[in-house]
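Visitor: Before we start, here is the structure in question, set down as structure tokens.
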């Protein structure tokens, strides 16, 4: 039973990582759009589309963070029932997942506060 639970948790994690790749591609599109705008070239996305894409991506990242928290908790429960298992790493993974969720909520809040015209500077700050 535990092996099947662990396999299911890993399968969820694999699918979540695939969706995380989609989120990374969205971030690349947003950054490339910003680069074109700074070079005074035509951009594929107008400010409203860019805002909607950024908002979608932030929500997606937050959902992914909750899924990773769920997977980390499931793995903790699985290994908690095994003898002589050090749970410190699993507990730290759960804490890290919670911190990622907190930062994701803050990032989503910042996007919600931003105006459509300057959303890219908030989402991808110029270094």
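Visitor: If one takes the longest principal axis of the Cα atoms in the chain, at what angle in degrees, from 0 to 90 and to the nearest 10, does the Cα axis of helix 47-80 lie?
Guide: 10
Visitor: Percent relative contact order of the chain, based on C-alpha pairs within less than 8 angstrom and at least six residues apart?
Guide: So the answer I get is 34 percent.
Visitor: Sort the range 1-51 into rounded, prolate or oblate with this rule: let a ≥ b ≥ c be the square roots of the eigenvalues of the Cα gyration tensor; rounded if a/c is under 1.5, and if a/c is not under 1.5, prolate when a/b is larger than b/c, oblate otherwise.
Guide: prolate
Visitor: Helix 88-113: angle to the longest alpha-carbon principal axis of the chain, degrees 0 to 90, nearest 10?
Guide: Result, in degrees: 20.
Visitor: What is the Cα radius of gyration of the chain over 2.2 N^0.38 Å, N being its residue count?
Guide: It is 1.33.
Visitor: To continue, here is another question. How far is helix 2-38 tilted off the main Cα axis of the chain, in degrees rounded to 10, range 0 to 90?
Guide: With both axes taken from Cα atoms, the answer is about 10 degrees.
Visitor: For the ranges 66-74, 80-88, 34-42, 12-20, what's the packing order if you count other beta-carbon atoms within 10 Å of each residue, average per peptide, and put the highest first?
Guide: The peptides rank, most packed first, as 66-74, 12-20, 34-42, 80-88.
Any read-out appearing in this document is the output of simple, stated calculations on the displayed coordinates, not a laboratory observation. This structure is a prediction, so every number in the text was calculated from the model and none was measured. Cβ coordinates were reconstructed from backbone atoms using ideal geometry, including for glycine residues, and neighbour counts include every protein chain displayed.
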